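Q: Just passing along the structure, written as structure tokens.
No lab work stands behind these numbers, since they all come straight from the coordinates. Because the structure is predicted, anything quoted here is derived from the model rather than measured. Because the Cβ atoms are built from the backbone with ideal geometry, glycine has one as well, and the counts that use them run over all protein chains shown.
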Amino acid sequence: MDAFPRTTTDQNPNDVVFTPVEWARDIVGFFQPSGTCLDPCRGESSFFDELPEPKLWCEITEGVDFFQFDEKVDWIISNPPYSLFSRWLDHSLQIADHIVYLIPVNKLLSSLQKLHKVYRFGGIAHIRYYGTGRDAGFPFGFPVGAVYLKRGYEGPMEISWYPAAAPTQ
Ligand SMILES: C[S@@+](CC[C@H](N)C(=O)[O-])C[C@H]1O[C@@H](n2cnc3c(N)ncnc32)[C@H](O)[C@@H]1O
């Protein structure tokens, strides 16, 4: 039997992992989005439920495909499908001014091509580390962080830690 349930869209099962509500709550509380917010892949709504109004959502298993969503929004906050990350990032950079994605940070930091795209958009304003993927029940052990990409940003990149993931003395 599969470790992760397949969906009606027969997606990569590793893309269908849901963020712990406490992490989603911390991320939204920390970054304080305002204006129109979008969760582009809401899954079971860990992030969507925490976002302030006005808010919009997509979710392929409910027939709403992010790649067909072309409205401009102020903020995107979510945990995207990792196997589509490159294309997902490109589309996000087109439609939002502030983007926070909970991702294995190596998905972004180990790719010069993706970093160039992000720095043409603005830059990485902040990374808030949450632990390893396994801490949240995701099927990988890489460090996971909420990476904040900000249009037109020219300042330094800050780092913070979810309390349970902070380095001990
Ligand atoms: C890593 S899960 C995260 C779900 C939720 N955002 C969370 O943090 O718990 C990725 C989600 O993306 C959805 N998804 C995959 N492709 C999509 C697409 N093209 N448009 C919208 N949602 C998509 C999957 O069905 C899945 O629910």
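Q: So what is the 222 nm mean residue ellipticity for the chain from helices alone, if each DSSP H run of at least 4 adds -39500 (n - 2.57) and you divide by all residues, rounding to the nearest 500 deg cm²/dmol?
A: Values: 4 runs with 36 residues, N = 169.
It lands at -6000 deg cm²/dmol.
Q: Then there's this: If you keep only loop residues by DSSP, which chymotrypsin sites (Phe, Trp or Tyr not before Pro) in region 106-160 have at most 14 other Cβ atoms within 10 Å of their Cβ? Mind showing how you got there, number by number?
A: On the way: sites: 119, 121, 129, 130, 140, 148, 153; in loops: 140, 153.
Passing sites in region 106-160 are 140.
Q: Determine which lysines satisfy two conditions relative to residue 117: a Cα distance under 23 Å, and not lying fewer than 8 residues away in the same chain.
A: Hits, sequence-local ones excluded: 72, 107, 150.
Q: Then there's this: I want to make sure I understand the PRE zone here: with the label point 7 angstrom from the Cα of residue 70 toward its beta carbon, which residues in region 86-124 have backbone N atoms less than 19 Å away?
A: Backbone N within reach: 87-97.
Q: Report, by chain and number, residues whose modeled amide H sits under 5 Å from the one on residue 36, excluding near sequence neighbours (fewer than 5 apart, same chain).
A: Amide H to amide H, under 5 Å and 5 or more residues apart or across chains, residue 36 pairs with 74, 75.
Q: Using amide H atoms built 1.01 Å from N in the peptide plane, name the residues 5+ places from residue 11, or on other chains, whose amide H lies under 5 Å from its own.
A: none
Q: Quick one: work out the % antiparallel among DSSP beta bridges in the chain, nearest 5.
A: On the way: 17 of 31 bridges.
So the antiparallel bridges amount to about 55 percent of the total.
Q: On full extension of the chain, what length is gained from residue 110 through residue 34, given 0.36 nm per residue of separation minus the C-alpha to C-alpha distance? Working shown, then result.
A: On the way: separation 76, 0.36 × 76 = 27.36 nm, distance 3.01 nm.
Full extension of this stretch gives 24.3 nm more.
Q: Kirkwood Rh over Cα pairs of the chain into Stokes-Einstein at 20 °C, 1.002 mPa s: D in µm²/s?
A: Calculated translational D: 132 µm²/s.
Q: Tabulate in residue order the Karplus-calculated ³J(HN,Hα) for region 132-143, using 6.51 cos²θ - 1.76 cosθ + 1.60 with θ = phi - 60°, rounded to whole Hz; enter x for Gly and Pro.
A: Taking θ as phi minus 60°, the curve returns 9, x, 5, 4, 9, x, 7, x, 7, x, 5, x Hz for region 132-143.
Q: Quick check: the distance between the Cα centres of region 47-71 and region 76-119, to the nearest angstrom?
A: Each part's Cα centre sits 16 Å from the other's.
Q: Next question, about the same structure. Using label points projected 7 Å from each Cα along Cα→Cβ, tell me how many nm separate residue 61 and residue 157, to one decimal.
A: The two pseudo-label positions are separated by 3.2 nm.
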